[in-house]
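Chemist: Provided herewith is a single structure, encoded as structure tokens, for subsequent inquiry.
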Amino acid sequence: MKLTFLQLFLLRSIYAVMAPDERQERCDFLKNCKCRKNPFTMLFSVDCSQLKIREIPKLPNIIEEISFKENKIQVIPDQAFSNMTNLLKLDLSSNEIHVFRYLSFIGLTNLRSLDLQNNRLDASMANLNKQVLKPLENLIHLNIKQNLFGNFQPNLAFLVSLRTLRMDFNSNDTGKISKSFYSMKTLRELDLSGLTGNCAVRSLTNESFKYIPQIENLSLSDCCIKSINKGTFQQLKRISVLDISNNTCLKFEVLENVTHDLQFSAIKVLKFNKIHKVFDMNTMLRTSQIKYLTNTSIQEIHGDSNRLQQIEFGAMLFMPITLDYVSARDNQFSYGPFFWDLLHTSVKTFNVSHMFTFHTEDEHPEQCSYDIVCKKEPVTETKIRYAMEYRNHATPLPIPHQHTSLNYSSCHLHYSIIAYSLTNNILRNIDLSNNLLTSWIGPIYNVKSLKYLDLSSNFCSNVSNYFFSEDFGSLEELYLQNNILGLVLPYDYKGATLQNLHSLKTINLSQNRIQRLSKDFFKSQFKIERIDLSENTFQSINFDIGHLKSLIYLNLKNNRITFLSASAVQQLDSIDILNKNFTIDLSQNDFLCTCETINFVQWLGTTTVGLIGKKNYTCQLSDLTLVSLENIDELYDTLSKACMSKIPIIIALVASVSSVLIIICSGLIYRYRWKLRYAYYMVKIRSHEKMTPVGNDDDKPYMYGAFVSYADEDSTFVHKQLLTKLEKENGIILCLHKRNFLPGNDIATNITSAIHNSRRTIIIMSRNFLNSYWCMFEYNMARMESIYERNHENVLFLIFIDQIASKELPLHILELVQSQSYIEYPNDEYGDTVFWDQITQVLTS
């Protein structure tokens, strides 16, 4: 049965999408080449590329596609492809071909595509003439880029079926397509781009394309064009796609000539990406440059990478109602009145993503010769009317009425999103991802048609409870991944953040460092189907999901979950009963398989909930061994037996550990009892009075020169001798408990305060002192003051008035006596004088 062309096309399309393993077959008729057999046509596709082949081998007529790409073929001999009537595609690119014979292509009557790119074909040898190409009567696609033609354009008149031609375009001055192209009535697409070949023309005029009026798709990108005269494209009435991108010397000024010529043509797509240099001044698109497009049915405009900052007010009003898509990516837009013009256009998608992208200088920038001319546009009556109409509209955010998509991704926006009210719109998709919108305050109003919102990758750490207003009631997909919402969402205890998102079906909160969510966080999402909480720091499911009857997918992958509590397991089972398609991903978590988590292990083995990647789950045993959960039933049985035998041991161990902890805590409390008591009284004192922090002893104004600690039995010595000699005769103010303690305060607080507010503490050491509880309390408080408030300064001064043997002294006092100075009260008159002089010197130094 003979197949029609449409049937063959469909069969080839099905064959093209088959997996390579299904198509691979040994190529017996061509050594080292790779073959794939089409099961529908029973013909072969052969790949002989990169085999260093120098001559075309003998080929059987069972091949529909063959590639000799990147070999070393130099000559195509006569009848090299004779009788290859089934061959549809021939790739001879990247060889060294410089000679064709008259009969080189004889036999290729059905060839549809020929690629001769990157060879050594040139004009002087006339090796690609009409006679050579004559057998290719059905050829549709031809690529002859990157050869040695120079300014020469080969005569392709015999290719009567050719629709697509890719060739170089070079000229020392004005570029012009050869007259020989006039007879190629079927030619529709002409690719002259320097991006994939060689293109260098200085200027284009009305003579440039007059012999190809039938062209529908013309690419002139990266051709080093310096100027395009008015009339260049005027004869191309069937042109639908025109690309003049990457000609950085053109500037926006050239658009006036281009758009003038495209009036009343069939233009559908116009591309003028990067017609300014990387480090040119910021630009403005003016009315005069695009106003002629009002006489077209254009559908797409591409003006990426032009350092575009403003569009002249009123210019967008000249856009025809057919305009559906505008791409202005990688520009430098700032807010301006032109935003209000968009309200009156029919544009559905305005893509301004990747604004303020960092660039380096072009490696080989074009050399341009031009003058910067500043033209002041006249202020028309229309502009004045629009300016007056929107003068007072500062809060609303203008959105074109027909816009359905808004893409501001990767624009380096660095703002907080405050309260905005969008103008009337039918927006369905908004993408603000990959910016620096670090705080979402809101609320945002008039987004009643919105279905899709992407705020991912914005380093956001704050979202208010009212950011999503009641106008978000239609939102179905919300993407918030890769932010820092773990700093705020755990404290939304009432589920206020998402309370207005009643239609939400998908939410992505992955990569947000979230440790937990409140119980009611998803309380309003009854229609939710997919929740992604992966790559956070959850340790369990502590939020309610049992009411989410439509939930089919919960992603908790790569968190820190060790086990699920009984309540969490119960919720998951209840969802599974309502929705048999429910699945959960718990992979890459830190499961524990111990006696404490045995119920969770049992649930993993018995649940009917779909556990994604369950065979790859692992858990850690009590001995830190990591085991696979692939044989979970066997693991559960082993764990059950081990836990039953350990119960008495566990009880005894808990009791022992508790006893040890009590003993250790008691010991620590006893050892640091004075430090703890001192800290307690100091806190108590500071809560009642404002005290200057202690620094250098000389810097602090103390209330007393010394606090005197003594036993009541030794009060005679203190009041009659010490007080007279130090305070009355030498002016050293002393603090005595009978005289200076504040009434109403407890004794311990008075003691601590007196020591803290005295420069020194004098200890009147006697046997009575050693036997007094409060004296020893005063001694220890003074010691703590020395260590923790005075940086180990020696504030204690001991006066022994009794002869006490070393063995009678407590160990902590004996250590102080051996490490610091002390003085003994003398019994003779001369010694008495020296004694008081030394004390006075110490206290006043």
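Chemist: Using only the alpha-carbon atoms, how far is helix 673-688 inclined from the longest principal axis of the chain? Give it as 0 to 90 degrees, nearest 10.
Modeler: Roughly 80 degrees between the two axes.
Chemist: Using amide H atoms built 1.01 Å from N in the peptide plane, name the residues 5+ places from Leu406, or on other chains, whose amide H lies under 5 Å from its own.
Modeler: Counting only residues 5 or more places away or on other chains, the set is Asn429, Ile430, Asp431.
Chemist: Taking only protein heavy atoms into account and a 1.4 Å probe, give the accessible area per residue of the chain in Å².
Modeler: Working: 42350 Å² over 845 residues.
Solvent-accessible surface per residue comes out at 50 Å².
Chemist: Still on this structure, please answer the following. For the range 728-793, what does the alpha-carbon gyration tensor say about shape, rounded, prolate or oblate, given a ≥ b ≥ c as the root eigenvalues, a/c under 1.5 as rounded, and a/b over b/c as prolate?
Modeler: Rounded, because the longest to shortest axis ratio a/c is under 1.5.
Chemist: Compute the helix-to-body angle for 773-788: its Cα long axis versus the longest principal axis of the chain, expressed 0 to 90° and rounded to tens.
Modeler: Result, in degrees: 30.
Chemist: Here is a follow-up. Once a ≥ b ≥ c are taken as the square roots of the eigenvalues of the Cα gyration tensor of the range 696-845, is the result rounded (a/c under 1.5), prolate (a/b larger than b/c) or oblate (a/b not larger than b/c)?
Modeler: rounded
Chemist: Need one number: % antiparallel among DSSP beta bridges in the chain, to the nearest 5.
Modeler: Rounded to the nearest five, the antiparallel share is 10 percent.
Chemist: A further question follows. On average, how much area does the Cα convex hull of the range 611-668 cover when viewed from any direction, in nm²?
Modeler: Hull-based average projected area comes out at 5.9 nm².
Chemist: Show Tyr420, Tyr680 ordered by accessible area, largest first, where the area counts protein heavy atoms only and the probe is 1.4 Å. Mind dumping the intermediate values first?
Modeler: On the way: Tyr420 80, Tyr680 130 Å².
Ranked list, largest accessible area first: Tyr680, Tyr420.
Chemist: With +1 on each Lys and Arg Cβ and -1 on each Asp and Glu Cβ, how big is the dipole of the range 538-632 about its Cα centre, in debye rounded to the nearest 20?
Modeler: The calculated dipole for the range 538-632 is roughly 280 debye.
Chemist: For the range 175-234, which chymotrypsin sites (Phe, Trp or Tyr not before Pro) pass both filters: DSSP loop (anything but H, G, I, E, B) and at most 11 other C-beta atoms within 10 Å?
Modeler: Hits after loop and neighbour filter: nothing returned.
Chemist: Further, regarding this structure: Counting only protein heavy atoms, what percent of the accessible surface of the chain is carbon or sulfur at a 1.4 Å probe? Mind dumping the intermediate values first?
Modeler: Values: 22160 of 42350 Å².
For the chain, the apolar C and S fraction of the accessible surface comes to 52 percent.
Chemist: Filter the trypsin sites (Lys or Arg not before Pro) in the range 463-568 to those in DSSP coil with at most 15 other Cβ atoms within 10 Å of their Cβ, and list the result.
Modeler: For trypsin sites (Lys or Arg not before Pro) across the range 463-568 that sit outside H, G, I, E and B with at most 15 neighbouring Cβ atoms in 10 Å, the list reads Lys494, Arg513, Lys519, Lys527, Lys549, Arg560.
Chemist: Hey, another quick one. Simple spin-label model, 7 Å along Cα-to-Cβ: Ser203 to Ser666 in nm?
Modeler: Once both label points are built, they end up 10.6 nm from each other.
Chemist: Just to make sure I understand: if all protein chains stay in place, what is the order of Val660, Val447 by accessible area at 1.4 Å, largest first? Can you show the working numbers first?
Modeler: Numbers: Val660 80, Val447 5 Å².
Accessible-area ranking of Val660, Val447, largest first: Val660, Val447.
Chemist: In addition: With a point put 7 Å past each Cα toward its Cβ, work out how far Thr625 is from Glu96 in nm, to one decimal.
Modeler: Taking the two extended label points, one gets 6.6 nm.
Chemist: Of all the stretches in the chain, which is the longest one without any exposed loop site, taking GluC sites (Glu not before Pro) in a DSSP loop (any state but H, G, I, E, B) with at most 11 other Cβ atoms within 10 Å?
Modeler: 1-360
Chemist: May I ask you to list the chymotrypsin sites (Phe, Trp or Tyr not before Pro) in the range 292-342 that are in a DSSP loop and have at most 13 other Cβ atoms within 10 Å of their Cβ?
Modeler: Working: sites: Tyr292, Phe313, Phe318, Tyr325, Phe333, Tyr335, Phe338, Phe339, Trp340; in loops: Phe313, Phe333, Tyr335.
Here the chymotrypsin sites (Phe, Trp or Tyr not before Pro) that fit, given the DSSP loop and packing criteria, are Tyr335.
Chemist: What value, in deg cm²/dmol to 500, does the helix sum -39500 (n - 2.57) over DSSP H runs of n ≥ 4 give at 222 nm once divided by the residues of the chain?
Modeler: -6500 deg cm²/dmol
Chemist: Would you report the distance distribution of C-alpha pairs in the chain as whole percents per 10 angstrom bin, up to the bin with the largest distance?
Modeler: Over the chain, the share of Cα pairs per 10 Å bin runs 2, 9, 11, 11, 12, 13, 12, 8, 6, 6, 5, 4, 2, 0, 0 percent.
Chemist: Between Asn616 and Ser550, how high is the FRET efficiency from 1/(1 + (r/R0)^6) when r is the Cβ-Cβ distance and R₀ = 30 Å? Nearest 0.05.
Modeler: So the FRET efficiency works out to roughly 0.60.
Chemist: Sticking with this one: Under the rule a/c < 1.5 gives rounded, and otherwise a/b versus b/c splits prolate from oblate, where does the range 51-181 land using the Cα gyration tensor? Please list the in-between numbers first.
Modeler: Numbers: a/c = 1.91, a/b = 1.43, b/c = 1.34.
Cα axes put the range 51-181 in the prolate bin.
Chemist: Nearest 10 degrees is fine. How inclined is helix 632-671 to the longest principal axis of the chain, computing both from alpha carbons?
Modeler: Result, in degrees: 40.
The values are calculated or read from the model by the stated rules, or taken from the named source; none is laboratory data. The model shown is predicted, which means the values in this text are computed figures rather than measured ones. With ideal geometry, Cβ positions are generated from the backbone for all residues, glycine too; neighbour counts draw on all protein chains shown. Ligands, DNA and RNA are excluded from the accessible area calculation, which covers all protein heavy atoms including side chains. Shrake-Rupley method; radii C 1.70, N 1.55, O 1.52, S 1.80 Å.
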